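Let me begin by presenting the structure, written as structure tokens, before commenting on it.
The values are calculated or read from the model by the stated rules, or taken from the named source; none is laboratory data. All values reported here derive from a predicted model rather than from experimental measurement. With ideal geometry, Cβ positions are generated from the backbone for all residues, glycine too; neighbour counts draw on all protein chains shown. SASA here: full protein model, heavy atoms, side chains in, ligands and nucleic acids out. Shrake-Rupley method; radii C 1.70, N 1.55, O 1.52, S 1.80 Å.
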Amino acid sequence: PRDESIKAFIAKIDEVIDRGGTVIVPCFAVGRTQEIMLVLKDLGYEMWVDGMGRSVTGLFLNYPEYLRDPRAMRAARKTFREVKNASMRKHASKGQIIVTTGGMLDGGPVLEYLRLFKDNPKNAILLVGYQAEDTNGRLLVETGSIVLDGVMVKVECEVRKFDFSAHAGQDEIVEFAKKCKPENIVLMHSETREMFLEDLQDYNVILPELGKEVKAPGFPAQPV
């Protein structure tokens, strides 16, 4: 449940700050950065936002009619200090919470913060997005190490992952597919697509493979 994820996330932040550590929250720029800012806006800590997520937040607020709660988003933005250039990262590094791109640790300002904070066990990296295969984020979760400047290095600070997924789960996807009453279902995205087959056995389910053509009744062959 989402509420439980948020509760555990905030509890871990409190714990890290109480022990004198800094919290790094790597985020995707579109959606996840703003979501985390909303979750954290009332905590009262010194918080900074860095990277493309800062710019995207500004773009969102230029079109408030498309936001569920523009007032809350404006309030969240005001509770965060913005890193507008590289020199400001020195100030941000003295804060308590840093929300920054990139979400999978493969690029962006997060790498600068990792260099500063990775060796202190009091600090923590709190992952709030999916970590794809062959990314630094997945490497960190599975091995406790990351690649910095082409070198594999051990991360000594705490690493935790929290479920803030924006994607539908299997049950929701199956329910959606059935309500569409489709002639064909093409599953493109997932490392475990085969797990859907049992729930969708009444449909013509196609699992495309790289470099092969998809042939479905009523449609011409399409490269994938």
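Taken over region 158-181, residues that are among the aromatic types (Phe, Trp, Tyr) and closer than 21 Å to Gln131 by Cα amount to 2.
Table: residues versus (1) more than 15 Å from Gly137 (Cα to Cα); (2) among the aliphatic types (A, V, I, L, M); (3) modelled with pLDDT of 95 or more.
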residue	(1), (2), (3)
Thr79	yes, no, yes
Lys84	yes, no, no
Ser87	yes, no, no
Lys90	yes, no, no
Ile98	yes, yes, yes
Gly103	no, no, no
Gly107	no, no, no
Tyr113	no, no, yes
Asp119	yes, no, yes
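Restricting to region 57-92, name every residue that is among the hydrophobic types (A, V, I, L, M, F, W, C) and without any contact (Cβ under 8 Å) to a residue 40 or more places away in the chain. Give the steps one after another, and end with the answer.
Of region 57-92, the ones among the hydrophobic types (A, V, I, L, M, F, W, C) are 59-61, 67, 72-73, 75-76, 80, 83, 86, 88, 92.
Listed by number, the residues that qualify are Leu59, Phe60, Leu61, Leu67, Ala72, Met73, Ala75, Val83, Ala86, Met88.
Of the residues making up region 36-48, those that are out of contact with any Leu (no Cβ under 8 Å at 6 or more places or on another chain) and either over 24 Å from His167 (Cα atoms) or modelled with pLDDT under 95 (or both) are Asp42, Leu43, Gly44, Tyr45, Glu46, Trp48. Would you point out which residue out of Lys212, Lys181 is at positive phi and over 26 Å from the mean Cα position of the chain (by Cα)? Step by step, each of Lys212, Lys181 is checked, and only Lys181 is at positive phi and over 26 Å from the mean Cα position of the chain (by Cα). Residue-level check: of (1) within 26 Å of Lys7 (Cα to Cα); (2) more than 24 Å from the chain's Cα centre (by Cα), Leu140 misses just (2). Whenever a residue of region 93-121 is under 16 Å from Gly53 (Cα atoms), its partners that are buried (at least 21 other Cβ atoms within 10 Å of the Cβ) and of a type in the set (Asp, Glu), lying with C-beta atoms within less than 6 angstrom and at least six residues away or across chains, give the pairs Thr100/Asp50; Pro109/Asp50.
Could you list, in sequence order, the residues of region 127-142 that are in contact with a strand residue (DSSP E or B) (Cβ under 8 Å, 6 or more places away or on another chain) and assigned to a loop (DSSP other than H, G, I, E, B)? I'd like the intermediate steps shown before the answer.
First pass over region 127-142, keeping only residues in contact with a strand residue (DSSP E or B) (Cβ under 8 Å, 6 or more places away or on another chain): 127-129, 131, 136-137, 139-141.
Passing the criteria: Val128, Gly129, Gln131.
Looking at region 67-78, which of its residues are surrounded by fewer than 17 Cβ atoms within 10 Å (Cβ to Cβ), outside any loop (DSSP other than H, G, I, E, B) and not aliphatic (A, V, I, L, M)?
Step one: list which residues in region 67-78 are surrounded by fewer than 17 Cβ atoms within 10 Å (Cβ to Cβ), which gives 67-72, 74-75, 78.
Still in the running and outside any loop (DSSP other than H, G, I, E, B): 70-72, 74-75, 78.
Those that are surrounded by fewer than 17 Cβ atoms within 10 Å (Cβ to Cβ), outside any loop (DSSP other than H, G, I, E, B) and not aliphatic (A, V, I, L, M): Pro70, Arg71, Arg74, Lys78.
Note on region 198-214: residues that are open to solvent by 70 Å² or more (accessible area, probe 1.4 Å) and either modelled with pLDDT of 90 or more or of a type in the set (Phe, Trp, Tyr) (or both) amount to 3.
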